[in-house]
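Heads up, the thing below is written out as structure tokens.
The values are calculated or read from the model by the stated rules, or taken from the named source; none is laboratory data. All values derive from a computational prediction rather than experimental measurement. Cβ placement follows ideal geometry from the backbone for every residue including glycine, while neighbour counts extend to all protein chains displayed. Please note that ligands, DNA and RNA were not included when accessible areas were found on the heavy atoms of the full protein model with its side chains. Shrake-Rupley method; radii C 1.70, N 1.55, O 1.52, S 1.80 Å.
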Amino acid sequence: MGACEAGHAETVRAHPPADPAESANQAIQTALAAEHAAVYGYGVLGGRLRGGLQQVAKTYWDVHRAQRDKLVSILSVRPVAAAAGYRLPVKVTNARSAARLAAALEDDLVPAYVGLAGASAADLRVFAADSAERSMARSAKWRSNAGEGAPPEAFPGLPAAALSPRPEPGE
């Protein structure tokens with residue numbers, strides 16, 4: 001056991017952690033880029049919806065604009081700019097494909113916010129976890145509107161290494 005601890009201590013000394021402020025800014029930039037894409041995508045899909053679904057899309061478009069603005073406000077570096085256009089993962093031709101696109105946009109936000117959940121600041125971790133949870137909830141609603149089931153992953157957004165079985169103490 002002592003050798004294990006010594007090995008761990010050596011690993012920690014050999015690889016110092018990244019600058020917390022720099023890694024937080026990188027994670028915020030990643031989430032911001034995903035929010036830029038979501039704002040763009042909701043603008044595209046909103047034109048294919050009518051009635052209540054169109055209003056839901058507008059509400060979520062406003063949510064993503066607010067999230068984008070919040071991320072910009074907490075950055076301590078120049079924010080990543082929105083692209084003029086984005087390659088969307090679903091071609092929107094009708095209400096069903098618009099709902100599929102909305103689900104895909106929300107799904108893409110989850111890993112970005114999961115990456116931000118490792119920030120050192122507690123308020124940033126809470127913000128990131130809440131944002132990931134809300135994106136998954138919106139994705140589930142859109143999947144239902146598209147006639148699709150739940151995503152295949154048990155914990156979308158988590159890296160594969162986080163999902164692999166952990167050794168039991170004493171193994």
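From the list ALA99, ALA103, ALA82, which residue is surrounded by 11 or more Cβ atoms within 10 Å (Cβ to Cβ), over 17 Å from the mean Cα position of the chain (by Cα) and not acidic (Asp, Glu)? Explain how you work it out, then say what you get.
Numbers: ALA103 fails: over 17 Å from the mean Cα position of the chain (by Cα); ALA82 fails: over 17 Å from the mean Cα position of the chain (by Cα).
Just a single option satisfies the conditions, and that option is ALA99.
Here the condition is being touching a residue at least 60 places away in the same chain (Cβ under 8 Å), among the hydrophobic types (A, V, I, L, M, F, W, C) and part of a helix (DSSP H, G or I); of ALA128, ALA140, ALA119, it holds for ALA128 alone. Checked against (1) open to solvent by 40 Å² or more (accessible area, probe 1.4 Å); (2) in contact (Cβ under 8 Å) with a residue 60 or more places away in the chain, GLN26 meets all criteria but (2). With respect to the stated conditions, VAL92 is aliphatic (A, V, I, L, M), part of a loop (DSSP other than H, G, I, E, B) and open to solvent by less than 60 Å² (accessible area, probe 1.4 Å). Taken as a whole, the stretch 115-124 holds no residue that is modelled with pLDDT of 95 or more and of a type in the set (D, E, K, R).
Evaluating HIS64 against the criteria (1) modelled with pLDDT under 95; (2) open to solvent by less than 40 Å² (accessible area, probe 1.4 Å) leaves one unmet condition, (1).
Close contacts from the stretch 67-78, counting a first residue that is touching a residue at least 40 places away in the same chain (Cβ under 8 Å) and a second that is surrounded by 11 or more Cβ atoms within 10 Å (Cβ to Cβ) and assigned to a loop (DSSP other than H, G, I, E, B), with Cβ to Cβ under 6 Å and a gap of 6+ residues or different chains, come to VAL72/PRO79. The condition of being surrounded by fewer than 16 Cβ atoms within 10 Å (Cβ to Cβ), assigned to a helix (DSSP H, G or I) and without any contact (Cβ under 8 Å) to a residue 60 or more places away in the chain does not hold for GLY46.
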